[in-house]
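Structure first, commentary second.
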Amino acid sequence: MSIPFYLHDLGQEELEAVAQVLRGPILTTGDTVKEFETRFAAFLGRDAAVGLSSATGGLHLMLTALGIGPGDEVITTPLSFIATATAIVQAGATPVFVDVEDGTGNLDAARIEAAITPKTRAILPVHLYGQMADMRLIAEIAQRHGLEVIEDAAHCVEGERDGLRPGQASAGACFSFYATKNLNCGEGGAIATDRPTLARRITTMSVHGMNKSAADRQRHGYSHWDMDEFGWKYNMSNIQAALLLPQFARLQRKLEQRNTLARLYAEALADIPGLVLPAIRPDCRHAWHLFVVRSRIVPRDALVAGLQAAGIGVAVNYRPIHLMQWFRRTWGYGEGAFPVAESWGEEVLSLPFYPGMTEDAVRQVAECITTVTAEYLNR
Ligand SMILES: *Cc1c(COP(=O)(O)O)cnc(C)c1O
């Protein structure tokens, strides 16, 4: 690949932070995770954060800790990574999809009320690509119907909309530190919330429901522990937390770099026939996790092939969840159920996008799209 889809920027500072953990006795959840949780909650302006092994685990624990399970329905978007919906299934509840806005690809809040039934317990919006869903309206609808809101903020560490940040107008927000996310440690996740009791319960449920941690046992010597409630194994390790801590100092600068790249892309792509950029809302601070375009003349897969043949890395975020084979088979979905999400699924393409990307690389990507488009039109 001459232009990769993504390049991480972890380096010397992260190596040193990990080395420091390795010199100590606790490799699993301990003081480094606590430090990360404090920093992350402060960064977001939330009361509490809990470090976890993934965002998927975070969504599962949030739902379960809120008492959402079998017999309950959770309203969510079909235009997301599958984990948004599979976490609902994992909790034992039923995902109920609602179509998305054509401009942003976010869950269309105006369509939510029509999908509410007596079984609905929660709304689970995703802040797609880093631009927040309409949390003011979603929180208002939830309040009117006595529902919880859980945010999938896997793309949105830095985002804000209408003065609201992730976790502020909901039970809590779930974040991913998967390899390509804005803040990453290879694999990892967290929840952030203004409900300290919920955070404590999620901490317990993230380690089998045990009432003592490995660090407690190391510090005070062995004493019997008990299992307070049912739990899973979703805790974050000190090694993961060490990889994350040095990155806080770079978040702001990296966001500015992605902002600049997004502006350069928008300029370079402006005159390509059939190429549409998602709507950027003025009332938002976009976290810019992904830079996507919609290809309306050249078939998306032809554009994917053309870019890849030129050595340019691409991805598709996302083909809609309800059209995945398992969802078709298990839940009986087919084409036509959510037409707006389906048109995104047909047209959307993610371009190379990461802070170290050069202006020249942005121009090369745009030139390649121009060439593929011209070839398609003259075929
Ligand atoms: C990455 C991602 C997830 C899953 O995150 P993991 O940490 O890999 O579990 C969930 N939702 C969205 C929107 C994502 O992009």
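Among the conditions (1) within 16 Å of the ligand (Cβ to nearest atom); (2) not in a loop (DSSP other than H, G, I, E, B), residue 35 misses just one, which is (1).
Conditions (1) within 16 Å of the ligand (Cβ to nearest atom); (2) in contact (Cβ under 8 Å) with a residue 60 or more places away in the chain, marked per residue:
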site: 47; (1), (2): no, yes
site: 64; (1), (2): yes, yes
site: 86; (1), (2): yes, no
site: 91; (1), (2): yes, no
site: 109; (1), (2): no, no
site: 119; (1), (2): no, no
site: 125; (1), (2): yes, no
site: 129; (1), (2): yes, yes
site: 135; (1), (2): yes, no
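Return the residue satisfying two criteria in turn: it lies in the stretch 225-248 and is in a loop (DSSP other than H, G, I, E, B) and more than 16 Å from residue 51 (Cα to Cα), and of such residues it is least open to solvent (accessible area, probe 1.4 Å).
The first filter runs over the stretch 225-248 and keeps only residues in a loop (DSSP other than H, G, I, E, B), leaving 225-226, 228-232, 234, 236-237.
When the remaining residues are screened for being more than 16 Å from residue 51 (Cα to Cα), the result is 225-226, 228-230.
Working: 225: 112, 226: 92, 228: 107, 229: 48, 230: 131 Å².
Within the stretch 225-248, the match that is least open to solvent (accessible area, probe 1.4 Å) is 229.
Residue 146 falls short on exactly one of the conditions (1) open to solvent by 30 Å² or more (accessible area, probe 1.4 Å); (2) of a type in the set (Gly, Ala, Ser); (3) in contact (Cβ under 8 Å) with a residue 60 or more places away in the chain, and that condition is (3). Would the stretch 2-14 turn up any residue that is of a type in the set (Ser, Thr, Tyr), at pLDDT 95 or above, open to solvent by 10 Å² or more (accessible area, probe 1.4 Å) and in contact with a Phe, Trp or Tyr (Cβ under 9 Å, 6 or more places away or on another chain)? Yes, there is a match, as at least one residue in the stretch 2-14 is of a type in the set (Ser, Thr, Tyr), at pLDDT 95 or above, open to solvent by 10 Å² or more (accessible area, probe 1.4 Å) and in contact with a Phe, Trp or Tyr (Cβ under 9 Å, 6 or more places away or on another chain). Residue 215 meets each of the listed conditions (1) away from the ligand (no atom under 14 Å from the Cβ); (2) open to solvent by less than 10 Å² (accessible area, probe 1.4 Å); (3) closer than 14 Å to residue 33 by Cβ; (4) modelled with pLDDT of 95 or more apart from (4).
Of the residues making up the stretch 90-113, those that are open to solvent by 40 Å² or more (accessible area, probe 1.4 Å) and outside any loop (DSSP other than H, G, I, E, B) are 90, 94, 110, 111, 113.
Kindly establish whether residue 260 is away from the ligand (no atom under 16 Å from the Cβ), under 30 Å from residue 52 (Cβ atoms) and not in a loop (DSSP other than H, G, I, E, B). Criteria not met by residue 260.
Within the stretch 50-57, is even one residue without any contact (Cβ under 8 Å) to a residue 60 or more places away in the chain and not acidic (Asp, Glu)? No, the conditions are met nowhere in the stretch 50-57. What about residue 69, is it part of a loop (DSSP other than H, G, I, E, B) and over 20 Å from the mean Cα position of the chain (by Cα)? Spelling it out, residue 69 is indeed part of a loop (DSSP other than H, G, I, E, B) and over 20 Å from the mean Cα position of the chain (by Cα). The residue pairs whose first member lies in the stretch 21-34 and is closer than 15 Å to residue 188 by Cβ and free of Cβ contacts under 8 Å to residues at least 12 places away in the same chain, whose second member is open to solvent by 80 Å² or more (accessible area, probe 1.4 Å) and in a loop (DSSP other than H, G, I, E, B), and whose beta carbons are closer than 6 Å, counting only pairs six or more residues apart or on different chains, do not exist in this structure. A Cβ distance below 7 Å, combined with a sequence gap of six or more or placement on separate chains, defines the contacts here; from the stretch 263-286, residues that are acidic (Asp, Glu) reach residues that are surrounded by fewer than 16 Cβ atoms within 10 Å (Cβ to Cβ) in the pairs 283/162.
Hey, could you check the stretch 178-201 for residues that are farther than 10 Å from residue 8 by Cα and of a type in the set (S, T, N, Q) and say which is surrounded by the fewest Cβ atoms within 10 Å (Cβ to Cβ)? Quick ask: steps written out before the conclusion?
Here is the first cut: in the stretch 178-201, the ones farther than 10 Å from residue 8 by Cα are 178, 187-201.
Still in the running and of a type in the set (S, T, N, Q): 193, 197.
On the way: 193: 26, 197: 10.
Per the stated criteria, the residue is 197.
Considering only residues in the stretch 72-84 that are surrounded by 24 or more Cβ atoms within 10 Å (Cβ to Cβ) and in a loop (DSSP other than H, G, I, E, B), the one that is farthest from the ligand (Cβ to nearest atom) turns out to be 78. Checking each residue in the stretch 252-266 for being over 12 Å from residue 353 (Cα atoms) and open to solvent by less than 70 Å² (accessible area, probe 1.4 Å) picks out only 266.
The values are calculated or read from the model by the stated rules, or taken from the named source; none is laboratory data. Bear in mind the structure is a predicted one, so any value in this text is a computation, not a measurement. Cβ sites come from the backbone with ideal geometry, for glycine too, and all protein chains shown count toward neighbours. For accessibility, only protein heavy atoms count, side chains too; no ligands or nucleic acids. Shrake-Rupley method; radii C 1.70, N 1.55, O 1.52, S 1.80 Å.
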